[in-house]
Amino acid sequence: MIKTTFHSLICFTVFLLLALSGQAQKKAAAGDSLAKDSNSRSFVVKMQAFAKVEARKSADDFAADKAALEQNKAFDEIKRTMQKAKIYLRTSVDTVSTKNILALIEKDFVTAGDGVLTNKGTAQTFRNLTATSKVLNELLNKASVRKNLLDLHQQQLNTFRYELDSLLSIPALFRFSSDSTVLSKYIQQIAVVAFEVQPVDSALKEGSINNQALLNRTNMLVFKLQTSLEEIALYQKDMADNMLKREFGNIWDATGYYRPFTEILEQAGAKGMLTLVFYLENNTGKLLILLILVCASFFYLRSLKNIYKENDLLSGNLEGQLVLRYPLLSALLLVINIFQFIFFSPPFVLSVTLWSVACISLTFLFHKFITRYWMNVWLIMLVLFLITAFDNLILQASRTERWLMLVIAGMGMLSGAFILLKGRKEELKEKMILVSIGFMALLEFCSIMANIFGRYNLSKTLLISGYLNIVIAILFLWTVRLINEGLFLAFSVYTQQDKKLFYLNFDRVGKKIPGVFYVLPVLGWGILFGRNYAGFDYLAEPLREFFGRERTLGSYTFSINSLVLFIGIMAVAVVISKIVSFFASDGRFVREKDEKNAKQGIGSWLLLVRISILSIGLFLAIAAAGIPVDRITIVLGALGVGIGFGLQTMVNHLVSGLIIAFEKPVNVGDIVDIDGQAGTMKSIGFRSSVITTWDGADVVMPNGDLLNSHLINWSVGGNRRRVAILIGVAYDSDLEAVKGLLLEILNADQRIMKKPAPFVQYEQFNSSSIDVKVYFWTRDFRDALAIKSDVIIAVNTSFKQNHVKIPFPQQDVYIKTDSDGKRKEDE
């Protein structure tokens, strides 16, 4: 088309030139007739008509070019969109796996609803409702995740179809050229694009239909799960409000609903496995932490046991050393009992597994350590607890189970009463266990009465709580005892900090753990008892609502939960910082006999560790509490104004502390001399540092003064110190022999370094002696004065034995007398 326009333009130009030349010839010829003038006007009209035709043709050609550009651009965009759609269809949601997951969720939904939504029986049970609620919540989470994925997939499919439809509806695609050849080629191009678009559009349409069907199925499943959870919540509320009311008739009455006990067991096993699998999937990290803590505790206890073996310190009866008997079992017992509470609301089967491992470990530790009578008592309680735990895994009530509960509770009540009345209390190592045994007997008696008169849920709660009470009490009491043993044993053998012990300072820990640790059995029992009480969540609901309700102060919205969380995180950070400072303190916390071999610990890095802990705690607290950043900016601005006006000195000391921590001109434990204050660097704090002087006093020195003072650090050079002793010998002494005696004394003392070697140097002729100076190096700064004293004693002894005189200043007075023997007076 461009060539056609260009050819027309050339023709028009040639024609115009010919016309103009003809006009010039006519004007040059004189006396032309009027007929010729009339022909000239006709020629102008033709030229104007010709110009209009050519202009119209040029405009049509321009429109055709523009349409071709838009068509090519549209075709390119269609191809790119098709390519994106193809890639998305290959990598998008796998409908097959989604169908399998939905089928599995539907299957688990049927399993979870058994006994609650179907096969309900006469009344609901607390354990059945709790287990079903946990499973349904997990299934709802999984279904919701799939629902969100399908929603996004449907939205993306519709977006691709809309984009293709929009591109195929561009008006430029329907502008056809008047040139038949160009039109034929354009029609072929349209056919190719249509051929490519058709399968993609069909795939998008089919995918949209299939995805919508899956989405409808998922929405229905989510609705069923939500409805079921609401129904279970109503059951739980009703049960909590009527905890003391009977659910069944008396135990001797006829049954109102019968289901084979084997089916009830199968249903309990299926639900228990579902709750356990779902919980483990969501708490794999916590289990890994638990295993790491067990391994760390095991390696520590094994190392401690090896030290006692090497030094032949293990006692035959293991009294006070039970924690070292089986390091792995002790580690399992200690870690499980202390850190089981990191599992929030665990399924009962997981709790039973952890308690069983701890109980088996304690049983092996008890073997031949406690008396045979109390060993039998422990085994009886353990067997009854395991039977009760198995019974608690049964979720749906039955008459068979009620009789089993009655027998188990009766055995616990009778055995508890017998132990309290005729037990060998004098052989018991932990007297507090008697309180738990008595409480167990009382709870089992109440369980019997509740069971007989149809209060099934109350009876089952009291049954498991009674045995759980005594087992948890024994486990926790012995956990405290074993921790106490471990600390005491470590205190006895670790006389200095060690890297493999994370620089723990057992000398500061002492021989006993804090008394507050004994509160853990009571708190632990309370938490575990609450988990088995149907009304526990509902009693705590008003408190949770009070703490969670949002409040407004000005433009800032907050809740008490966020404030408590902020304060709690900061408190934990401060406590951890202080614990690190307390247990990892360097300095002279070693036995006297090991002082010279003491190794430096983490030293002034402790300050950086503490700052890091507090900084991380602050950022976590701000993030967890949701405090706006602009509020932090205002606080920092206010602090900047305060620093500018009156806190320069304080900031100077804080910054100086950071400089000391990074540059390390002095480390904790170094022997220093600062402006006449000589001693050992005890600690480096945020604002000030502490120096323990040789007199035993602690001098608190601000970090700014410490950094600006003339600091002498004896420890930088390895604690060496050169000592000089000035000695005077008589003028008639053999100087070479004296030098030999002095070198012999210095070389004989093993505390004096041989490199650099000691040397003797004669200084000057004094009024009554020749001065000789002895120089030598000591390995430890603290030994310098003692070695100097010993060398002086040795030199004095050697000089006496070898008749070397050490002169002292003296003056001879001469008195003149006359011949009569009288003193002559001066005139």
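The values are calculated or read from the model by the stated rules, or taken from the named source; none is laboratory data. Keep in mind it's a predicted model, so treat the numbers as computed, not measured. Quick reminder, even Gly has a Cβ in these numbers, built from the backbone with ideal geometry, and neighbours come from all protein chains shown. Remember, those area values only see protein heavy atoms, side chains included, never the ligands or the DNA or RNA. Shrake-Rupley method; radii C 1.70, N 1.55, O 1.52, S 1.80 Å.
General observations
- The order of Val352, Val45 by accessible area, most exposed first and with a 1.4 Å probe, is Val45, Val352.
- Average accessible area per residue (Å²) across segment 373-432 - probe 1.4 Å, nucleic acids and ligands excluded: 48 Å²
- Rolling a 1.4 angstrom probe over the protein heavy atoms with all chains in place gives segment 136-218 an accessible area of 59 Å² per residue.
- Neighbourhood charge, 14 Å Cβ-Cβ cut-off, centred on Leu735 and excluding it, Lys, Arg +1 and Asp, Glu -1: -2
- For segment 170-183, backbone phi angles converted through the Karplus equation (6.51, -1.76, 1.60; θ = phi - 60°) give residue-by-residue couplings of 5, x, 4, 5, 9, 9, 9, 6, 7, 7, 4, 5, 4, 4 Hz, Gly and Pro being listed as x.
- Cβ-derived FRET efficiency at R0 22 Å, Leu442 paired with Tyr373, nearest 0.05: 0.45
- Segment 723-787, accessible surface, carbon-and-sulfur percent (1.4 angstrom probe): 55 percent
- Model label sites at Val110 and Asp732, defined 7 Å from Cα along the beta-carbon direction, differ in position by 12.4 nm.
- Computed label-point distance, nm, for sites Arg549 and Phe759 using a 7 Å Cα→Cβ extension: 8.7 nm
- FRET efficiency, Thr557 to Ala191 (Cβ-Cβ, R0 41 Å, nearest 0.05): 0.05
- Restricting the trypsin sites (Lys or Arg not before Pro) of segment 754-787 to loop positions (DSSP other than H, G, I, E, B) with no more than 12 neighbouring Cβ atoms within 10 Å leaves Lys754.
- Distance histogram for segment 313-432 (every C-alpha pair counted, 5 angstrom bins, percent rounded to whole numbers): 2, 9, 16, 17, 19, 16, 12, 6, 2, 1, 0, 0
- Proximity of backbone amide H atoms, modeled 1.01 Å from N, is registered between Val699 and Ile691, Thr692, Thr693 at under 5 Å, excluding neighbours fewer than 5 places apart on the same chain.
- Calculated Rg and Dmax of segment 47-96 using C-alpha coordinates, Å: 21.9, 75
- The apolar share of the surface of segment 316-434, taken as the fraction of accessible area on carbon and sulfur atoms (1.4 Å probe, ligands and nucleic acids excluded), comes to 73 percent.
- Rh by Kirkwood over Cα pairs, then Stokes-Einstein D for segment 180-268 at 0.890 mPa s and 25 °C, µm²/s: 121 µm²/s
- Amide H contacts under 5 Å for Ser683: Val690, restricted to partners 5 or more places along the chain or on a different chain, H placed in the peptide plane at 1.01 Å from N.
- Extension gain for Val44 to Ile292 (0.36 nm times residue separation, less C-alpha to C-alpha distance): 78.9 nm.
- Using a simple spin-label model with pseudo-atoms 7 Å out from Cα toward Cβ, Asp695 and Ile793 lie 2.7 nm apart.
- Solvent-accessible surface ranking, highest first, for Ser767, Ser228 at 1.4 angstrom: Ser767, Ser228
- With the convex hull constructed from alpha-carbon coordinates only, segment 371-497 shows a mean projected area of 9.8 nm² over all directions.
- Förster radius 22 Å - calculated FRET efficiency between Met273 and Asn119 (Cβ-Cβ, nearest 0.05): 0.75
- Under-5 Å amide H pairs with Phe759, H placed in peptide plane, nonlocal only: Tyr775
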